[in-house]
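First the structure, in the form of structure tokens, and then the observations on it.
The values are calculated or read from the model by the stated rules, or taken from the named source; none is laboratory data. Keep in mind it's a predicted model, so treat the numbers as computed, not measured. Cβ placement follows ideal geometry from the backbone for every residue including glycine, while neighbour counts extend to all protein chains displayed.
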Amino acid sequence: MNAAFWINLAGAVCLGLGVGFLLWFTRRKALEGNVSLWLALTGLFGIIYLLLRAFGVTFTSLIAKIVLSLTIMLLFYTLLRFVFMLFCANLARKKLTMPIPKLVLDVLVFVLMTGLALILLNLLFHVKLTAFLVTSTVVSAVIGLSLQDILGNVFSGLALQFERPYEKNDWVTIDGVEGQVIEMSWRSLSIRDRYNDLVLFPNSVVSKVPVKNHGRPSKLHFVKFEVRVSYRYPPEQVKRVLLQSALDTRGISPRPAPSVFLDSFDESSICYNVRFWITDFASKYTIIDSVKTKVWYGLHRAGMRTPFPIRNIYMHPVETDRERLLLEQTRDEILAVLRSAPLFHPLPEDQLQKLAEGCSLLRFTAGEVLVRQGAPGNSLYIVRSGGVEVSVTAGEGHRAMKVAELDPGSFFGEMSLLTGEPRTATVTAREETEVVRVSKEGMNRVFQSDPSLVAPLSELLEARIGDLRRASVESGKIVEGHESSMSPGSHGVLARIKMFFGL
């Protein structure tokens, strides 16, 4: 064994230990671009070259030149990737976006690696570059014709990367496909559509078709849908219901404000356009569903129906009886709820039936507002099913604070019903909720037929005010119905009720 053997063997061992140490040192580092893999391959080929030299393979042999060339190219490629990684990490620390697209870096690496390969061919294999360039002209023409689609994708990708019409995670619509940008490569654009499927568009196709970016120039996105309502309902009333449904929906931007337009007069209905803006395009269809759901509940509570096409003939001679039975069933359900409400215990059965005639059974979906703080009111609500949340706002600009949750059997709004005072809290449905609405007209029928019922009702109301005030003092919260401008005492309550109903 000569000295060259031991020198090359020692070099191989040192190189292996050095590469192993680097891999161990960076094992917890999330190196991008498989830098660790390329570093390991560089060390492996370097060790192979040193071992070949140690066992007597000369530098001029073909296998030694090939291994040395691969080692040099792997080392150069690893250094390039490491430099790019440090460059990107430095930009990330400064919270800056990379000004050079990734595709451009890939092309730069390809050009540098090609240049290095030509230099190695000249220095190690003594290939004349002039002859190579002449020969490569014909080869390039053949390759260019066979790879024109791929090259077209590459150059289109470069143009798109420099123009940057979209970024990663942007929502776009391309050729009728709506999805989120996942990756932009040298060949194609990858997006994930609404069905969670991956769709690939060649860059040459993307550069030729319109691309709609839903996140530019701002996150605001315009949405509209149609609602058809019967001719029998005045447009202004319909617009109020539709607009309130949009205003009560989470996810809709308050600026610009939602709007409703009368679009057209159709054969059997009037077509309205509900228009609003959103900032979370990913939740577009969830928000539309929520608005449409609230529209149905709002129209149903207002007694408005979306008509069927007036082309079918229905012959049901018992339809009138059926409607009458449905009305009686609804009245019986309302009577059962009224009997369970403590406030109406002083009313005899005949008066409860009169009161029921002025009541209505309403449904609200989750998130809808039943009453709003500060709004005028003259009705009481009894929760029949579901549940509501009571919240108050200390003043303009303050956040609403939830103060209570009411379950079936609970009621609110008695102060507004009997005295006409404004609402002292906002009540929102926390799930699908059905309530019985007791109106001033219904109470007026009861008081007009039997004015003596005012006194026991005023006593119950005064007792409830006292209970709510004590609960507010203990908890430090305001509960809907207890704040009143009237003076304490049953005489004050009685006077306010008589004044409100003109008794």
With criteria (1) over 28 Å from the mean Cα position of the chain (by Cα); (2) free of Cβ contacts under 8 Å to residues at least 24 places away in the same chain, H398 comes up short on (1)
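So if I check each of V67, V107, V127, which one is more than 15 Å from N34 (Cα to Cα) and at pLDDT 80 or above?
Numbers: V107 fails: at pLDDT 80 or above; V127 fails: at pLDDT 80 or above.
Exactly one of V67, V107, V127 is more than 15 Å from N34 (Cα to Cα) and at pLDDT 80 or above, namely V67.
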Which of the residues spanning region 253-272 are over 17 Å from R232 (Cα atoms) and among the aliphatic types (A, V, I, L, M)? A257, V260
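Can you name every residue in region 281-297 that is surrounded by 14 or more Cβ atoms within 10 Å (Cβ to Cβ) and touching a Gly at 6+ places or on another chain (Cβ under 8 Å)? Outline the logic, then answer.
Looking only at region 281-297, we keep the residues that are surrounded by 14 or more Cβ atoms within 10 Å (Cβ to Cβ), and these are 281, 283-284, 287-288, 290-297.
Selection gives F281, S283, I287, S290, K294.
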Any chance region 23-45 includes a residue that's part of a helix (DSSP H, G or I), under 30 Å from Y166 (Cβ atoms), hydrophobic (A, V, I, L, M, F, W, C) and at pLDDT 70 or above? yes
For region 204-242: of the residues being hydroxyl-bearing (S, T, Y) and farther than 17 Å from W277 by Cα, which is surrounded by the fewest Cβ atoms within 10 Å (Cβ to Cβ)? Y231
Exactly one of A394, A404, A455 is in a strand (DSSP E or B), of a type in the set (G, A, S) and more than 23 Å from T293 (Cβ to Cβ), and that residue is A404
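Enumerate the helices (runs of 4 or more DSSP H) found wholly within region 199-313, keeping only those where 3 or more residues are in contact (Cβ under 8 Å) with a residue 60 or more places away in the chain. Lay out the reasoning, then the answer.
Values: elements: 203-206, 235-247, 284-301.
The qualifying helices (runs of 4 or more DSSP H) are 235-247, 284-301.
Specify which of the listed residues (E178, E236) is more than 25 Å from the chain's Cα centre (by Cα) and acidic (D, E). Spell out the reasoning first.
Values: E178 fails: more than 25 Å from the chain's Cα centre (by Cα).
Answer to the check: E236.
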When S268 is run through (1) loosely packed, with under 15 Cβ neighbours inside 10 Å; (2) out of contact with any strand residue (DSSP E or B) (no Cβ under 7 Å at 6 or more places or on another chain); (3) small (G, A, S); (4) within 29 Å of N169 (Cα to Cα), the failure sits at (4)
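For region 340-383, how many residues meet the condition of being within 24 Å of V454 (Cα to Cα) and either part of a loop (DSSP other than H, G, I, E, B) or of a type in the set (D, E, K, R) (or both)? I'd like the intermediate steps shown before the answer.
Of the residues in region 340-383, the ones within 24 Å of V454 (Cα to Cα) are 340-360, 376-383.
Those still in the list that are either part of a loop (DSSP other than H, G, I, E, B) or of a type in the set (D, E, K, R) (or both) too: 341, 345-350, 354, 357-358, 376-378.
Here the count works out to 13.
Determine, yes or no, whether I252 is touching a Gly at 6+ places or on another chain (Cβ under 9 Å) and outside the structural domain of D193 (by TED's automatic domain parsing).
Values: touching a Gly at 6+ places or on another chain (Cβ under 9 Å): no; outside the structural domain of D193 (by TED's automatic domain parsing): yes.
Taking the combined requirement at face value, the residue does not satisfy it.
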Residue among E267, E183, E226 that is at pLDDT below 90 and under 30 Å from A302 (Cβ atoms): E267
Meets criteria (closer than 30 Å to R372 by Cβ and either among the β-branched types (V, I, T) or touching a helix residue (DSSP H, G or I) at 6+ places or on another chain (Cβ under 8 Å) (or both)) for S230: no
